[in-house]
Structures are given as C-alpha cells and as structure tokens.
Amino acid sequence: MSSTNDLISILTPVKNAGPYLHDCLLSIQQQTEGNWELIAVNDGSTDDSRAILDEFALKDPRIRVLENNGTGIIPALRMAYANSSGQFITRMDADDIMAANKLEILKHKLMVNGMGHVAVGLVKYFSADGVKEGYRHYQGWLNHLTASGTNYSDIYRECVIPSPCWMTFREDLDNCGAFNSDQYPEDYDLTFRFFANNIKVIPCTDIIHHWRDHGERTSRNHPNYADNRFLELKLHWFLKLSHRPERPLVVWGCAKKGKIIARSLLDEGVDFRWICNNPNKIGKHIYHTLIEDLGVMDELQNPQVIVAVANKDQQAEIREQYNETLFWFC
C-alpha cells in the first residue's frame, strides 16, 4: 500500500450520470498514475448511478462510494473531501473522461513546482450532438490562457480554471477554504479564492481532460449556474480584490448584464458612472441613475471600467481606444 504522502484523492459528485458513468470510471482506472483513491458521492440519483458505482467499487478497493441526500454539488464535495486522505486533491465530473496520463501530468507538475501552485491542463469538449459554438469558443479561450499560465489575467470574464481539470496540494486547498463556501457557481468561487491566496497556475500544453456536453448537464439547467449568479459572484470578488474606491468607477453597457451589475452596485452603495453608446438610452435614467455618453471617459482620471458589452466588434473598439484598467465581465 502506497503512502498517503503521494496519494491523489479524486472527488466526484454523482447525480443521475448513469449513461456516462461507466466510461468515466474506466478512464480513471486506466490512468498511468495508479496511486489514487476515488471518493464518489452519490447525490440522490434516481437512475442506476449507485449500482454502477457499487459494481466498480466491489472490484477496485481504490473506489469508495458514499451517499448524500441530494442537496447539491457543494455538500457532496464536502463529504468527499472529508473522507479523503491524499496529499494531492482533484475533482472529476461523473460524465467526463480523463486522458490516460491526466493524473500523472498534474501530479508531476505539482511535485516539480511545489506548494503554492495549482496544476491545470487543456480541455476538449465532445458531444454526441456536436459541440456548440459557445463551448468551442470557451474551450479555445481557456486553453490559450492555460498554455501560458496566464489564467488570472481574464478572471472576471469567465471561470479560468476548469472545474474537473485541476489539482493542488491539500494544504493549499485548506488555506483557500476548500469547499467551505456556500457560494455558487462553486468552481468559479474556488478559482477566485485561488487567485486571492496567490496560488500560481502552472502552464500546460497537453489535452488531458475530455469535457462532455449534453442537454442534462447541471451547468446548463440548474439556477445556481444562471447568468445572474455569475455576475453576482464576479462583482463580489471585484469589490473585494480589485476595486479601488479612490479611483472613479465606470460601468460600460446598459443591456441585461449592465443592469444587473448596476443594480448590485447601487445595493452595495458603491458610486459609479454609467455609460453606453446607444443613443436611445443616453440621457435616460435606469434605477434613478443617468445613462451618459462615452464622453465621460475623457472627464475622468484613471478610472476603473467594468465592461458589460457583449458585442465582439464593440469590445474590439473599446480595447483599441482606451488604456484605462478594463475589467471584462462578458
């Protein structure tokens, strides 16, 4: 029996993953790195997920199956983590597939770089129905960041560490609060906590995780992963980590996302100027706040700018014209 000093603990919440679970578990068993334990938490599945887990656990002592009451991913992760014993901690989604060398690559990177790091890898989406454009775009953007280890440079745009493709030391995870937070989206919140605690991202140029897209994915259907939850989380961490009250704050854009951001800032009592380039909205008030034109940018010294403009052409123009600190929220 190998020492827990170099054991990898894989934490896997399972919720009605029956059609995909067999392939997921096989991909774990076929890893080139064999010193792992899988803590699978069945979170109130109503399909055959528990039976599949039990079948694998009966034949492989490295797999342990626990039962949760169906209260969600965060409680399931807490249960899995509380029952794990490895020095290296990673997550796995029950509908995905690991490349055969995934655990070996992530563990090696951590052993070379030491404490204070999180190892990540390139991801590739796949789907029986074809991968949609939005996921292909996210995959390319995320992999570009991961290849250079510059993930945090764009942290307010989208989650920059893929939830099922990271590994870190247990002590570092504990220092970041592990899974104690109740905040969803839980993977994005943990990413911000890695950032806040100066956990450095180790670059990787290998595709080591195959990310399945299908219509029943929790991230597609559960309200915990709706746009407003992402925006609320981004703004929470922006105010905590990046906001400088001595500098003017500008919200650029007054469509749906801009309105959510503005409403939240007003609720927090944070002063800001609100701008857009839509002539139909300039000069009007939303939430009793004046919508101003882009001339505001020429009046302000060293502003911080939250950009809530989704149009790609307009985003390119903003990048070209302004050198102020831009925080891309979309």
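Computed from the coordinates by the stated procedures, all read-outs in this text should not be read as laboratory data. Computed from a prediction, not measured in an experiment: that's the story for all the values here. Using ideal geometry, Cβ is built from the backbone for each residue, glycine included, and neighbour counts are taken over all protein chains shown.
Numbers for the structure displayed
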{"read-out": "DSSP beta bridges in the stretch 4-225 [antiparallel fraction, %, rounded to 5]", "value": "25"}
{"read-out": "Karplus-derived HN-Hα couplings along the stretch 261-270 (A = 6.51, B = -1.76, C = 1.60, θ = phi - 60°), whole Hz, x at Gly and Pro", "value": "4, 4, 4, 5, 5, 5, 4, 7, x, 9"}
{"read-out": "Within-14-Å neighbourhood charge of Leu103 [Cβ basis; K, R +1; D, E -1]", "value": "-1"}
{"read-out": "Relative contact order (percent, whole number), the stretch 1-113, Cα cutoff 8 Å, 6+ residue spacing", "value": "42"}
{"read-out": "Nearest-20 debye value, the stretch 105-195 charge dipole, Cβ charges on Lys, Arg, Asp, Glu", "value": "400"}
{"read-out": "Vicinal HN-Hα couplings computed from phi for the stretch 101-118 (Karplus, 6.51 cos²θ - 1.76 cosθ + 1.60; Hz; Gly/Pro x)", "value": "9, 4, 5, 4, 5, 5, 5, 4, 4, 5, 5, 6, 8, x, 4, x, 10, 10"}
{"read-out": "Cut-off 9 Å between beta-carbons: net charge of the residues surrounding Ile275, Lys and Arg +1, Asp and Glu -1", "value": "-1"}
{"read-out": "Under the Karplus curve 6.51 cos²θ - 1.76 cosθ + 1.60, θ = phi - 60°, whole-Hz ³J(HN,Hα) for the stretch 55-71, x wherever Gly or Pro sits", "value": "4, 5, 5, 4, 9, 9, x, 6, 9, 10, 10, 10, 10, 10, 9, x, 8"}
{"read-out": "Formal net charge of residues neighbouring Ser242 (Cβ-Cβ distance under 15 Å; K, R +1; D, E -1)", "value": "+2"}
{"read-out": "Amide H contacts under 5 Å for Glu37, placed H, 5+ residues apart", "value": "Ile8, Ser9, Ile10"}
{"read-out": "Packing-based exposure ordering (other Cβ within 10 Å, fewest first) of Phe169, Phe272, Phe126", "value": "Phe126, Phe272, Phe169"}
{"read-out": "Estimated dipole of the stretch 227-328 in Debye, rounded to 20 [Cβ of Lys and Arg +1, of Asp and Glu -1, Cα centre]", "value": "420"}
{"read-out": "Amide H contacts under 5 Å for Gly70, placed H, 5+ residues apart", "value": "Gly44"}
{"read-out": "Computed magnitude of the charge dipole of the chain (debye, nearest 20; Cβ of K, R +1, Cβ of D, E -1)", "value": "300"}
{"read-out": "Helix-only mean residue ellipticity at 222 nm for the chain, each DSSP H run of n ≥ 4 adding -39500 (n - 2.57), per residue, nearest 500", "value": "-10500 deg cm²/dmol"}
{"read-out": "Global form of the stretch 4-225, assessed from the alpha-carbon gyration tensor, a/c cut-off 1.5", "value": "rounded"}
{"read-out": "Under-5 Å amide H pairs with Val118, H placed in peptide plane, nonlocal only", "value": "Lys200, Val201, Ile202"}
{"read-out": "Sparse-neighbourhood loop sites, GluC sites (Glu not before Pro) in the stretch 230-330 - DSSP loop, at most 13 other Cβ within 10 angstrom", "value": "Glu246"}
{"read-out": "Relative exposure of His214, His209, judged by other C-beta atoms within 10 Å (fewest first)", "value": "His214, His209"}
